[in-house]
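Rule-based calculations on the coordinates, nothing more; no lab input. Remember, predicted model here, so these are calculated numbers, not experimental data. Cβ placement follows ideal geometry from the backbone for every residue including glycine, while neighbour counts extend to all protein chains displayed.
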Amino acid sequence: MARPGDLPTAILRLEGAVILSLAVFLYVRADGGWLLFVLLLLVPDVGILGYAVGPRVGAMTYNALHTTVGPAALAVIGILAESPVTVSVALVWFAHIGMDRMLGYGLKHTSGFRDTHLGRIGRG
């Protein structure tokens, strides 16, 4: 498991900051509304509800909403369908993932919510 102070973890957190910055930049360039941005920014965290069933299901639901595969697919659909709102939703989703990575909230291991690919979160 990654240690919070190691170089790969620092690079992954920097990568999260880049994803967040790029998503916000593109969102602004696309004239996305800030109300939509604020309303949707924390929506991917509904994946945490899977932990009510158990750590395995929780990790699966959380991770499903915290990988870049979903927003990338949604962005492609939005571009092909010429739907600016769909692209905006994808950019907010990317922003959320970038923000989480930047803050050290990584993809979850099935051992528990605090065990992530970026190391253990929270206090000892």
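Annotation: amide H of Gly119 within the under-5 Å range of Ala2, sequence separation 5 or more or interchain, hydrogens built in the peptide plane. Once both labels are modelled 7 Å past Cα along the beta-carbon direction, what's the Val43-Asp6 spacing in nm? Reported label-point gap for Val43 and Asp6 is 3.6 nm. Taking a span of 30 Å or more along the helix axis (Cα atoms) and a mean Kyte-Doolittle hydropathy of at least -0.5 as the rule, the DSSP H helices of the chain that qualify are 7-29. For region 6-92, what does the alpha-carbon gyration tensor say about shape, rounded, prolate or oblate, given a ≥ b ≥ c as the root eigenvalues, a/c under 1.5 as rounded, and a/b over b/c as prolate? The shape class here is oblate.
For Thr110 and Val85, a Förster radius of 35 Å and the Cβ-Cβ distance give a FRET efficiency of 0.50, rounded to the nearest 0.05. Modelled spin-label separation between Ile77 and Phe25, with each label point placed 7 Å from Cα along the Cα-to-Cβ direction: 2.7 nm.
Per-residue counts of other Cβ atoms within 10 Å, averaged by peptide: what ranking do you get for 38-46, 85-93, 19-27, 64-72, highest first?
Ranking, from highest mean packing down: 85-93, 19-27, 64-72, 38-46.
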